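Some notes on the structure that comes next.
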Amino acid sequence: MTGPTGLVVLTDRRAVRRPLVEVVADAVAGGARWVVLREKDLPRAERAALACDLRAVLEPVGGTLVVAGPDPLGGSAVHLPAAGPYPPPRRGLVGRSCHDEAELGRLTVEDYAVLSPVYPTSTKPGYGPPLRPARLAALIRISPVPVLALGGIETAEQVRECVTAGAAGVVVLGAIMRAESPRAAAAALQGAFDRAAVGLASDEPAPTVGSPDLGPDACTRADPIALSGGRT
């Protein structure tokens, strides 16, 4: 299973203006295709029912629900905290939250990592000062897996900075959960990601004819930009 890219929506039922499933459905209508279900305080039965409802929203558009914690709640994608478990359980897709070099260095068979907090945010207290784009880029360069950026991402400019730093995607909570129109917010952020990715690809130097590292059809085939940057 390919890891998350583009806009990734992180749930928080306490922040929404309407029922959580409705808000997520609105974000999906705006272009979101990845959702991470938190709500860890819910009893398992309630959380499993919520996961089922969210998958029903995502599956018709080819989207994926990732469940925070080692229990996939009937699915095959999980996102684990930096604290463990190590090694991660064998699933179809496994992500991990990371905040520094040491945590990136513990990664083994995870498929992606989420680095945070990139910008100041009240939802990620206790993890030190924000990374900012320069530090994010430095950590992405040493990450063994693609990286998603998380923390305080609310604007198109912030999305562009994360993509330029090498992030494969941006994880967003408040800008979607608290939005008056989650659909419009998701469309704006996903659109910003797409434009930044295209712009980054257009900045790639064109291959020169006759280079010994290029195949025979290199002059007629463009190299796609690798947007699967790092870990979380």
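Values quoted throughout were computed directly from the atomic coordinates according to the rules given, and no laboratory measurement underlies them. Please read all numbers here as calculations on a predicted model, not as lab measurements. No Cβ is skipped: glycine too gets one built from the backbone with ideal geometry, and neighbour counts run over all protein chains shown.
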On the formula 1/(1 + (r/R0)^6), with r taken between the Cβ atoms of GLU39 and SER202 and R0 of 41 Å, the FRET efficiency rounded to 0.05 is 0.55
Scale the Cα Rg of region 55-96 by the rule-of-thumb value 2.2 N^0.38 Å and send over the ratio, two decimals.
1.20
When each pair of different Cα atoms in region 74-143 is counted once in the 1/r mean, what is the Kirkwood radius in angstroms, to one decimal?
12.8 Å
If you stretched the chain out fully between ARG13 and ASP53, how much longer would it get, using 0.36 nm times the residue separation minus the C-alpha to C-alpha distance?
13.0 nm
